[in-house]
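Asks: Below is the structure I would like to discuss, written out as structure tokens.
The values are calculated or read from the model by the stated rules, or taken from the named source; none is laboratory data. None of the values given here were measured: they were computed from a predicted structure. All Cβ positions, even for glycine, are placed from backbone atoms using ideal geometry, and neighbour counts span all protein chains on display.
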Amino acid sequence: MASASTTASPSVARGVAPAADRYGLGLLVLLAATFMSALDIFIVNVAIPALQGDLHAGTAAVQWVVAGFGLAVATGLITAGRLGDVFGRRRMFAVGLALFTVTSAACGFAPTAGTLVAARVLQGLSAALMSPQVLAILQTAYTGKTQARAFSMYGMTMGVGAVFGQLIGGLLIRADILGLGWRACFLINLPIGVAALVMVPRALGESRAPRRPRLDPAGVALSTAAVVALVLPLIQGRSLGWPVWTWVCLAASPVLFAVFVVHQHRLGAGGGDPVLDTRLFRLPGFSLGALAQLVFWTGQGSFFLVLALYLQAGRGLDALGSGTVFLSIGAGYLLTSTTAHRIAARLGARTVPAGALLMAAGLGTLWAAVHASGTTGTLWELAPGLFVDGVGMGMVIAPLTHTALGGVPAEMAGSASGVVATIQQISGALGIALIGILFYGAIGGGASARYPHALALGLEFLMVLELALAALTVGTAVRAGRNGR
């Protein structure tokens, strides 16, 4: 694997973690940023009822508190990954981290709904600048078993932010620290962000692409337009009743993506510096990993959404009570995500399909429990299925990320990381849109008695996705077995 040119120590130039990283400081900084970014996607759902009353926010403003962040993240990732290649990954990570911390404060102290929406959009752009640098640094600064462990910890941190986000938010609102209420859900980022930012200079070495590329403005514009045309209608379409403009955008998005890819290919073939290096898709590991990411993340965000809706609207739990149920997933997830690198070392390419099958089994067990309990049974009946699903999830996230990025040359690390992170965001929006059609259609008038049936339909959709992920990745396992690996 090619190494990145750097302005730091020779050890960084060879793709080995700097001395501070060997003691975990660099990884701790990267994981702190990852945790904040993942947490902010899910914790805001808990804060919405309180902030809506406090700021007298209308329905449209509340929707954009969530949608503005997601859209900003999705549109900025590909460009942000390339900015790391151009100006330095540590530098762009530090800028993104600083801006994320500042915009978190702006969210927490927002006096009006409009101010909060604007701050959330800026916070999303900051997260977009930060996130691909994390993946690129993990891919270039670590090698071998150390890299596998780093990706394992990255996967664990993402899952902890997602699985425990609702519980953390519920605890913060219930505690009402200093009378902050919902504002604490954003202000929790300040001490974490400041502490991580202070450690950046001594914890991380600088790296960038060997030959400093130039930024492609046309590529930036095309990629942004294509992602917006796809993600915006997916986020807003169902709640608005799918107006004409949403279908126009969805029809335009594949055309824009095609124009973007053609432009990038021609620019690269002509010796230019594309935002997206299309040679990435000639790497079998990256192509398979990117497609597998699409399938996996289409299910994850939508699963957390429908389960939370079932628990709160169908079973009458508050945010804290609903978050407590998520502990079953969290326990299973922590069991395997903390040792995912060891599991992968033992199972090799069979890790992801095995994890996907476990997730399907857990969802099937949950499906049976929902059918049996409806809205009256004990919530403990849900725990076994949730636990097994969490075990499988912990086996999938980190190895799947490593599959996509592990074989990428260092000069393509930023571009590849931006693509993977963008796929994760687009997949989440796609999954929520698809499962929303099933879930809300089954609820009908919204009677609580309809929620078990709606959740069961959602679980069937998710089981199909997990089986598709297993089928998609099992071929790699078979080929690895034939090669004796």
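Asks: Looking at the range 241-282 only, could you name the residues that are within 26 Å of Ala404 (Cβ to Cβ) and of a type in the set (Gly, Ala, Ser)?
Replies: Ser253, Ala258, Gly268, Ala269, Gly272
Table: residues versus (1) out of contact with any strand residue (DSSP E or B) (no Cβ under 7 Å at 6 or more places or on another chain); (2) outside any helix (DSSP H, G or I); (3) of a type in the set (Phe, Trp, Tyr).
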position: Ala226; (1), (2), (3): yes, no, no
position: Arg238; (1), (2), (3): yes, no, no
position: Val255; (1), (2), (3): yes, no, no
position: Val262; (1), (2), (3): yes, no, no
position: Gly271; (1), (2), (3): yes, yes, no
position: Phe281; (1), (2), (3): yes, no, yes
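Asks: So, one more: Tell me whether the range 39-59 contains one or more residues that are assigned to a helix (DSSP H, G or I), closer than 14 Å to Gln236 by Cβ and modelled with pLDDT of 85 or more. Working first, answer last.
Replies: Narrowing the range 39-59 to residues assigned to a helix (DSSP H, G or I): 39-55, 59.
Those still in the list that are closer than 14 Å to Gln236 by Cβ too: 59.
So of that shortlist, the ones also modelled with pLDDT of 85 or more come out as none.
Within the range 39-59, none of the residues are assigned to a helix (DSSP H, G or I), closer than 14 Å to Gln236 by Cβ and modelled with pLDDT of 85 or more.
Asks: Which condition number in (1) surrounded by fewer than 23 Cβ atoms within 10 Å (Cβ to Cβ); (2) over 20 Å from Ser152 (Cβ atoms) is the one that Gly407 fails?
Replies: Only one criterion in (1) surrounded by fewer than 23 Cβ atoms within 10 Å (Cβ to Cβ); (2) over 20 Å from Ser152 (Cβ atoms) is unmet by Gly407, namely (2).
Asks: Let me ask something else about it. In the set Ala162, Ala184, which member is within 19 Å of the chain's Cα centre (by Cα), assigned to a helix (DSSP H, G or I) and either not polar (S, T, N, Q) or not assigned by TED's automatic domain parsing to the domain that holds Arg120 (or both)? Reasoning before the result, please.
Replies: On the way: Ala184 fails: within 19 Å of the chain's Cα centre (by Cα).
After ruling out the rest, the residue left standing is Ala162.
Asks: Just to check your reading of the model, which residue among Gly159, Gly181, Gly170, Gly165 is out of contact with any Pro (no Cβ under 9 Å at 6 or more places or on another chain) and on the phi > 0 side of the Ramachandran plot? Talk me through it step by step, then tell me what you get.
Replies: Values: Gly159 fails: on the phi > 0 side of the Ramachandran plot; Gly170 fails: on the phi > 0 side of the Ramachandran plot; Gly165 fails: on the phi > 0 side of the Ramachandran plot.
On inspection, the qualifying residue turns out to be Gly181.
Asks: Okay, next question. Which residue out of Leu327, Leu311, Leu291 is modelled with pLDDT of 80 or more, in the same structural domain as Glu411 (by TED's automatic domain parsing) and more than 24 Å from Asn45 (Cα to Cα)? Break it down into steps so the answer makes sense when it comes.
Replies: On the way: Leu327 fails: more than 24 Å from Asn45 (Cα to Cα); Leu311 fails: more than 24 Å from Asn45 (Cα to Cα).
None of the others qualify; the one that does is Leu291.
Asks: Based on this model, can you work out whether Ala421 counts as in contact with an Asp or Glu (Cβ under 8 Å, 6 or more places away or on another chain) and in a helix (DSSP H, G or I)? Give the steps one after another, and end with the answer.
Replies: On the way: in contact with an Asp or Glu (Cβ under 8 Å, 6 or more places away or on another chain): no; in a helix (DSSP H, G or I): yes.
When the stated conditions are applied, Ala421 does not pass them.
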